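Just dropping this structure here.
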Amino acid sequence: MIVFDLRCANAHVFESWFGSSADYADQKDRGLVRCPLCDSDAVEKAVMAPNVAAKGNQRASVPAAPDDPMKAALAALARAQAKVLEGSEWVGPRFADRARAMHLGEESAAPIHGQATLQEARALVEEGVPVAPLPLPVVPPTARN
């Protein structure tokens, strides 16, 4: 996983996790990277300070910053999401069809997660299909190292 600081056209800065730089580029190209505050898809990588460690035989000249509570909270959220998804099947872009089929009784109910466009997600909600977005992106099993 890789984390980027992102900034939207409205100057909102937020952090987002991706499986790789290529995953970020792919999701951005498909319009999936959006500001969580204003839903803008005009999002770019924000300037980030590098985390450069001192050489093993040298001490850092600047004392280490205290742990960032936001990063600790995101890490805890990532662990909780991974725990919840342990018994869930990745269905990728077939998510909307599978969720709808389970809701209609055409398929046995089972925990699943995958991808859906904003339009597909809205349609599922309008049809009464119980779905919810995941707070963090998921790396598809086929994309993991």
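The values are calculated or read from the model by the stated rules, or taken from the named source; none is laboratory data. Here the structure is a predicted model, which means the values were calculated and not measured. Every residue, glycine as well, gets a Cβ built from its backbone with ideal geometry; the counts of neighbours run over all protein chains shown. Heads up: the accessible areas ignore ligands, DNA and RNA and are worked out on the full protein's heavy atoms, side chains in. Shrake-Rupley method; radii C 1.70, N 1.55, O 1.52, S 1.80 Å.
In debye, nearest 20: dipole of segment 94-145 around its Cα centre with unit charges on the Cβ of K, R (+) and D, E (-)?
240
Counting heavy atoms of the protein chains only and a 1.4 Å probe, report the per residue accessible area for segment 66-133 as a whole number of Å².
Each residue of segment 66-133 exposes 69 Å² on average to a 1.4 Å probe.
Next question. Full extension from E106 to K45: what is 0.36 nm times the residue separation minus their Cα-Cα distance, to one decimal in nm?
17.7 nm
With just the Cα atoms defining each centre, how far is segment 1-33 from segment 74-145? Give it in Å.
Between the Cα centre of segment 1-33 and that of segment 74-145, the gap is 20 Å.
Using θ = phi - 60° and the Karplus curve 6.51 cos²θ - 1.76 cosθ + 1.60, what whole-Hz ³J(HN,Hα) does each residue of segment 71-79 get, with Gly and Pro shown as x?
Result, ordered by residue: 5, 5, 5, 5, 5, 5, 5, 4, 5 Hz.
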